[in-house]
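Laboratory data are not the source of any read-out in this text; all were calculated from the coordinates shown. Nothing here was measured: the structure is a model prediction, and the numbers come from that model. Ideal geometry is used to build each Cβ from the backbone, glycine not excepted, and the neighbour counts take in all protein chains shown.
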2 protein chains.
Amino acid sequence: MLKKIHHVGVVVPDLEQAMRFWRDLLGLPVVKTAVVQDQGVKAALLKAGESEIELLEPILPESGVGKFLARRGGGLHHVCFQTDDVKNELRKANEKGVQLIDQQPRAGLAGMICFLHPKATRGVLVEYAQPFEE
Amino acid sequence: MLKKIHHVGVVVPDLEQAMRFWRDLLGLPVVKTAVVQDQGVKAALLKAGESEIELLEPILPESGVGKFLARRGGGLHHVCFQTDDVKNELRKANEKGVQLIDQQPRAGLAGMICFLHPKATRGVLVEYAQPFEE
């Protein structure tokens with residue numbers, strides 16, 4: 001079962017510049033910043049109620065996020081739902097014939113994560129995340 | 001102050017078909033459906049924790065949502081933050097030189113609402129909403 005929107009992913013060309021809007025104007029508090037080398041992104045997580053806005057600046061142009069930036073100039077990239085059992089959600093999606101990006105959950109910024117294929121949803125990239133135990 | 005993500009707006013070509021993914025596969029409960037003639041959309045709101053997913057099917061091709069569908073084929077359209085004082089948030093944004101779509105709050109599906117211009121955020125359409133008193 002999906003419990004909440006864990007985060008909304010936003011691709012930005014420049015993280016520091018984006019912060020002027022999301023942190024300074026909207027007033028969303030920064031929870032975490034990180035460089036995730038293997039995904040090719042600099043990221044910042046900002047709190048909005050029980051959810052977060054995840055700002056993603058690509059550091060590798062050939063990454064998925066890098067290609068999105070080149071194609072679109074940035075913008076809303078994905079929506080991530082929190083679950084207690086990412087493996088089970090992925091199995092259910094697979095059984096219903098939903099196209100997947102990840103065949104198995106993997107470690108990501110938000111915990112154990114996986115992505116469904118945007119073809120499954122007519123263009124919306126959906127992520128499931130099961131946060132790591134604190 | 002922004003309290004939470006009120007909803008994430010998703011443009012879909014066919015609401016009934018979209019429900020098969022968002023309601024039936026993801027299991028998000030439907031809170032409300034509505035036809036909003038003056039915005040040219042059929043809408044469904046689905047609950048995800050304290051937030052909602054707002055599915056929008058355009059019924060008028062010349063509406064903003066209709067043009068988005070024609071250009072992109074659907075996808076993540078906007079993110080809406082809940083506030084107790086939409087008028088004050090709009091004034092603050094205006095004072096900081098943020099480009100606005102709405103100069104004044106107006107009645108919308110989520111309460112009194114307004115949109116900032118996506119130019120302000122490098123391509124993300126941001127909405128503020130102050131829900132109507134119950």
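Using C-alpha pairs below 8 Å separated by at least 6 residues, the relative contact order for chain B is 25 percent. Each copy carries a label point for residue A:85 at 7 Å from Cα along the beta-carbon vector; from one copy to the others these points are 4.6 nm apart, nearest first. Shielding value for B:115-124 is 5, the average number of Cβ atoms from other chains within 10 Å of each residue's Cβ. Distances from residue A:17 to the same position in the other copies: list them in nm, one decimal, shortest first, using label points 7 Å from Cα along Cα→Cβ. Shortest to longest, the spacings are 3.7 nm.
Could you tell me which GluC sites (Glu not before Pro) in the range A:14-122 are loop residues by DSSP with no more than 16 other beta carbons within 10 angstrom of their beta carbon?
Working: sites: A:16, A:50, A:52, A:54, A:62, A:89, A:95; in loops: A:50, A:62.
Sparse-neighbourhood loop GluC sites (Glu not before Pro): A:50, A:62.
Residue of chain B with the Cβ closest to the rotation axis carrying B onto A, and that distance rounded to whole Å: B:76, 2.
Just name one of A:27, A:43, A:74: the one whose Cα is farthest towards the positive end of the charge dipole of the range A:26-134 (beta-carbon charges, Lys/Arg +1, Asp/Glu -1). The one lying farthest along the dipole's positive direction is A:74. Which log10 I(q)/I(0) values does the range A:2-130 give at q = 0.11 Å⁻¹ under the Debye formula, counting every alpha carbon as one identical point scatterer? Debye output, listed in q order: -0.37. Compactness check for the protein assembly as shown: Cα Rg over 2.2 N^0.38 Å is 0.95.
Average partner chain C-beta neighbours within 10 Å, per residue of A:27-39? Intermediate results must be reported in sequence, preceding the final value.
Working: counts 5, 3, 0, 0, 0, 0, 0, 0, 0, 0, 0, 0, 0.
That average works out to 1.
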